[in-house]
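The values are calculated or read from the model by the stated rules, or taken from the named source; none is laboratory data. Quick caveat: nothing in here was measured; it's all calculated off a predicted structure. Counting neighbours? That spans all protein chains shown, and the Cβs are built from the backbone with ideal geometry, glycine included.
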Amino acid sequence: MKEKILCLGIESSCDETSAAVVDSDRNILSHVIYSQVPEHQKYGGVVPELAARAHILAIDEVINKTLSDAGKTISDIDVIAATAGPGLIGGVLVGWMSAVGIAQSTGKPLVAVNHLEGHALVPRLRGASAGDNKTESISVPFPYLLVLASGGHTMILLVSGVGKYELIGQTLDDSAGEAFDKVSKMLGLGYPGGPIVDTRAQSGNKKAFKFPRPLCDKPGCDFSFSGIKTAARTFLAKYTTQYTDEFINDFCASFQASVVDCIINRLGNALHDERVINSAPKTLVVAGGVAKNSAIRSSMEKMATENGMIFAAPPLNLCTDNGAMIAWAGIENYLVGKVVTEPIAPRPRWPLTEL
Ligand code: KG4
Ligand code: ZN
C-alpha cells in the first residue's frame, strides 16, 4: 500500500454541494463548498426537490474545481468517497452516482460514507483542542465521548474506532438543530436559524424566559427538544405586539440556555454510564452543525475541564456539512478495508449502529 493516500470526498446529502481532496497525513489539499442556502431561504427551510436539482447543476463544477485547486487530476487520486446516506435521497443520489461513475471509469476503490460517520470522525482530521479562537489542531484519539448534533440528529456516542459507535443517548423527537431553526422561524429571523439565534443570544439575558429542561430530572442520556419548541410557541402566542431587539435577544438567550443545559445534564449522566466508565474516554467532543454554537462549545469545554478531560471540536467550517469530512471518513474506512465491492443502494435512513 502507498504511504500517503489521497482521497476525493463528495458530500450532497442536504443543502451543500461539496468536495475535497484530503490526504492520510491530515492535509486538506483543496475544499469547495457550494452552499444552496440562498435558494432555500425564501421557503424558510430546505426544499428537497430544489436541493436535488441544485446538486445536479453544481456537482461537476464542484468536483472539477476541487481537483484543480489541489493541483491534481483524477489519476493522482487513490480513493473516491461519497455520502451514501442518510439524507435527502435526491441529493445523496447525485453525489453518490457521480462517485460511482468516477470509480467505475477509473477503476479506483470506492467508499460509501455514512454522513453521520463523516461528522463523527472529522475531529480526527482537525480537532481544535480548545474553544473557537484557539488554532491548535489535534487528531482526537479513540476512544472519545461525542455529542453529534446536526439539523437531523442529536446523539451521544461512544466512539472507540472506525465503525465502532455505541449509542449512549439520542433525541426522542426533534433534533437540536431543528429546534434552533424552528425558533428562528417563529421569531421571523430566517434560515438557517442556528447561527442567527447564536448571535442574538450573545446580547441577551438568558434568565428572561423560563424554558423547560425536558428529561433533565430523569435518569438516562436521551434528549427531548419538542417541548422546548412548544414552550417557545406558547410564549410567542401571548406576545402580540412587534418584537423588539431586546425581546428577541433575551428570547434567543433563554431558549439557547435550555438547549445547553439539556446537553450538559445528559452528558453528566453519560459520564456515569457503565460503557463509558469501562472505556474511559479522555476526550469530550462535539461535532455536527450545532457544534458551531459558541455557548455549547464553551459549556462543554468547562465540563471537560471539571472532569479531567480534554475538550475538542472541529473548526467551524468543518462542523456544518462539508466534503473534507467525507474524504477523511473515506480514508479512515479505506485504511481498515471498508470499500464497496458490489453495487449498493444509497440509504435515506442509515443509523450509525448499522455500519
Ligand atoms: O450538520 P449540518 O450542517 O447538517 C445536517 O447534517 O443536518 O447541521 C445543520 C444545522 C442547522 O440546523 C443549523 O441551524 C445548525 O446546524 N447550526 C447551528 C449553528 N450553526 C449551524 N446551531 C446552533 N448554533 C450555531 N451557531
Ligand atoms: Zn450533517
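For the reader, a short list of remarks on this structure follows.
- Some residue of segment 326-336 being among the small types (Gly, Ala, Ser), assigned to a helix (DSSP H, G or I), within 16 Å of ligand 2 (Cβ to nearest atom) and touching a helix residue (DSSP H, G or I) at 6+ places or on another chain (Cβ under 6 Å): yes
- Segment 9-30 residues that are at positive phi, paired with ones that are more than 13 Å from ligand 2 (Cβ to nearest atom) and in a loop (DSSP other than H, G, I, E, B) (beta carbon under 7 Å, 6 or more apart): 26/125; 26/139
- Residues satisfying the stated conditions in segment 180-223, i.e. within 16 Å of ligand 2 (Cβ to nearest atom) and of a type outside the set (Asp, Glu): 180, 191, 192, 193, 194, 195
- You will find that of 72, 108, the residue that is under 18 Å from residue 344 (Cβ atoms) and either at pLDDT below 95 or basic (Lys, Arg) (or both) is 108 and no other.
- Scope segment 275-311; condition closer than 25 Å to residue 175 by Cα, away from ligand 1 (no atom under 16 Å from the Cβ) and not aliphatic (A, V, I, L, M); matching residues: 275, 281, 283, 302, 311
- Residues of segment 1-43 that are surrounded by fewer than 17 Cβ atoms within 10 Å (Cβ to Cβ) and more than 17 Å from the chain's Cα centre (by Cα): 1, 2, 3, 4, 25, 26, 27, 38, 39, 41, 42, 43.
- If you filter segment 312-351 down to residues that are closer than 20 Å to residue 98 by Cα and polar (S, T, N, Q), you find that the one that is farthest from ligand 1 (Cβ to nearest atom) is 341.
- Pair list, Cβ under 7 Å, 6 or more apart: segment 301-316 residue among the aromatic types (Phe, Trp, Tyr), other residue modelled with pLDDT of 95 or more: 311/284; 311/300; 311/301; 311/304
- Comparison of 29, 50 shows that the only residue that is closer than 21 Å to residue 320 by Cα and either within 16 Å of ligand 1 (Cβ to nearest atom) or assigned to a strand (DSSP E or B) (or both) is 29.
- Cβ-Cβ under 8 Å pairs, at least 6 apart or on other chains, segment 146-165 side touching a residue at least 12 places away in the same chain (Cβ under 8 Å) and on the phi > 0 side of the Ramachandran plot, far side of a type outside the set (A, V, I, L, M, F, W, C) and within 16 Å of ligand 2 (Cβ to nearest atom): 163/117
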